[in-house]
Amino acid sequence: MIVQTCINGARNADFHLQLPLDAEAMARDGAACVAAGAAELHVHARGLDGRESLAPEAMDPTMLALRRACPGTLIGVSTGAWIENNDERTLAAIAGWTELPDYASVNLSEKAAPEVMQGLRQRGIGIEAGLASVTDAERLVRLDHGSQVLRILIEISEQELDVALEVSDGIAAVLDRAGIRRAILLHGADATVWPFVHRAAERNWSTRVGLEDGKQLPDGTTASGNAALTAAAVAIFRAGR
């Protein structure tokens, strides 16, 4: 069980005053999150224009800054299709990285997921298999990639808690029937962040929090930043042990 911090995601600067959007800001923020108890970091690199980018000229300095600021901490990235908006550019970017992340998340809802996973394997980069629906879980099983990933990322976007719990349970049931025994990281978004932190703690799964997923603390107030969100999640995990 670990707490991962997702420090920025696809959020815009106006989402939160402390949203880190350049390599040095990500490095400072990442170090603060590790000090607050984060075991891993998940980041979305940005180009000079401030937009998300998988291009080596954005990824490499971001990874290098994070490595310097957070030695020994596992660092992951997204490969979301929307970032490059072109599957060939995504694959070319992965092939061109010099400073490699430890792992990368791949959304099984995306058409090119198998090719992206293969590109990551060729670089020796671990894979978080991102499952947002039962259909995604069934696709992972069908592709027979369940035993070849670092972990399963169950990520729920539905905002009504009952619906979100139903989707999460459905994904877990598909994995269980298929005999896929990989580490699971469960997280929600916005309204479901904290219910799913508690759910993960109850099930001995990992979780993540951070400004990518939401900015409110468990009491509904706005967090001062990613370190405060991290500390709150770590406290929940420790209380459950």
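Within the range 157-174, the residues that satisfy the criterion of being more than 19 Å from the chain's Cα centre (by Cα) and either within 15 Å of I2 (Cβ to Cβ) or open to solvent by less than 30 Å² (accessible area, probe 1.4 Å) (or both) are G170, V174.
Taking each residue of the range 58-81 that is over 18 Å from G47 (Cα atoms) and looking for partners that are in a helix (DSSP H, G or I) and not aliphatic (A, V, I, L, M) with beta-carbon atoms closer than 7 Å, six or more apart or interchain, yields A69/R28; A69/G30; C70/G30. Residues in the range 175-192 that are aliphatic (A, V, I, L, M) and open to solvent by 10 Å² or more (accessible area, probe 1.4 Å): A178, I180, A183, I184, A189, A191. Restricted to the range 181-205, and to residues there that are over 16 Å from S133 (Cβ atoms) and not in a helix (DSSP H, G or I), the residue that is modelled with the lowest pLDDT is R181. In the set (1) open to solvent by 50 Å² or more (accessible area, probe 1.4 Å); (2) without any contact (Cβ under 8 Å) to a residue 40 or more places away in the chain; (3) among the polar types (S, T, N, Q), the condition left unmet by N107 is number (1).
The values are calculated or read from the model by the stated rules, or taken from the named source; none is laboratory data. Note that the coordinates shown come from a computational prediction; the quantities given were computed from them, not determined experimentally. Please note: Cβ atoms are built from the backbone with ideal geometry, for glycine as well, and neighbour counts cover all protein chains shown. SASA here: full protein model, heavy atoms, side chains in, ligands and nucleic acids out. Shrake-Rupley method; radii C 1.70, N 1.55, O 1.52, S 1.80 Å.
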